[in-house]
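Please read the structure below before turning to the comments.
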Amino acid sequence: MQLMDIVRTDQCRALATAWQRWRGDDLLPRRADMRLPEITPLLPGITVLELRSNEEIIFRLAGTKIAETMGIELTGRNYVEFAAPPDRKDRAERAMWQGRQPCGAIFLLPIPYSSGRVVPSEVLSLPTLPNRSGEPMQLLAMNWPLDATPRHLSPIEPSKFAKSADFRFVDIGAGTPDAALRVSDLP
C-alpha cells in the first residue's frame with residue numbers, strides 16, 4: 001500500500017508530498033533539505049521529535065495548534081513521558097524503529113475532552129537524516145484532527161497521550177520493522 005493511499009487528512013497528505021519532494025531520489029531527506037516555507041500553513045500541526053534513545057525522545061518543535069489543543073507546551077519535553085508507564089516501552093520502540101529501519105508511521109491519536117467527546121487526530125510521522133554524522137535522527141510529524149477540535153474545551157489529561165490501536169508502520173522504500181517484531185508488540 002502506498003503512503004498516499006492511507007493518509008486521510010489534506011494536511012498529512014501535504015506533509016507527505018513535501019517530504020517526498022525534499023528527499024528526491026534518496027531514501028530520506030536531510031534536515032537541511034527541508035524547506036519549511038513550503039509548509040508554512042501546516043506548521044501549527046507539526047512536531048519534530050529527536051530520537052536520542054528509548055528513554056529520551058525530545059520534542060524539538062511543537063506547533064501552536066498542538067499547544068492550544070493540548071493546553072501545554074511540548075517543546076523541550078520528553079515524548080516517552082507522555083505515555084502511561086505500561087505503554088512507554090512500546091511508544092519508544094515504535095518511534096525508534098522509524099529511525100533504525102527508516103520507515104514512516106501513521107496512526108489515530110484519540111484525544112478525550114472534558115465534555116466527554118473524543119476527537120481522533122491523524123498523525124503521520126516521517127524520518128529525516130541529521131545534517132552531520134553523530135547527530136540523532138528526527139521524526140517530522142503532522143497531527144491533525146479528523147473533525148473540528150473544540151478549542152474552548154480542555155483535554156481530560158493533557159500530560160498523557162493515549163496509545164493508538166490503529167498504529168501502522170509505512171514502507172518508504174526500506175521495508176518496515178513488522179517482521180522483526182512480534183504481532184503482540186504492535187497493539
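Any residue at all in the range 61-79 that's under 21 Å from D171 (Cβ atoms) and either open to solvent by 40 Å² or more (accessible area, probe 1.4 Å) or part of a helix (DSSP H, G or I) (or both)?
Of the residues in the range 61-79, the ones under 21 Å from D171 (Cβ atoms) are none.
No - not one qualifying residue is present in the range 61-79.
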**Asked** Looking only at the range 100-120, which residues are at pLDDT 85 or above and either assigned to a strand (DSSP E or B) or open to solvent by less than 20 Å² (accessible area, probe 1.4 Å) (or both)?
**Response** C103, G104, A105, I106, F107, L108
**Request:** Output the residue which, of all residues in the range 78-122 that are over 18 Å from D178 (Cβ atoms) and among the β-branched types (V, I, T), is farthest from the chain's Cα centre (by Cα).
**Result:** V118
**Request:** Would you mind stating whether E56 is farther than 18 Å from P102 by Cα, modelled with pLDDT of 95 or more and open to solvent by 40 Å² or more (accessible area, probe 1.4 Å)?
**Result:** yes
**Request:** Determine which single condition G134 fails, assuming it passes every other condition in (1) on the phi > 0 side of the Ramachandran plot; (2) open to solvent by less than 70 Å² (accessible area, probe 1.4 Å); (3) at pLDDT 90 or above.
**Result:** (2)
**Message:** Condition first: part of a strand (DSSP E or B) and more than 22 Å from L74 (Cα to Cα). Can you find one or more residues in the range 50-57 that meet it?
**Reply:** no
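The values are calculated or read from the model by the stated rules, or taken from the named source; none is laboratory data. All of these numbers come straight from a predicted model, not from anything done at the bench. Methodologically, a virtual Cβ is constructed for each residue, glycine included, from the backbone with ideal geometry; neighbour enumeration extends over all protein chains shown. Accessible surface areas use protein heavy atoms only, side chains included; no ligands, DNA or RNA. Shrake-Rupley method; radii C 1.70, N 1.55, O 1.52, S 1.80 Å.
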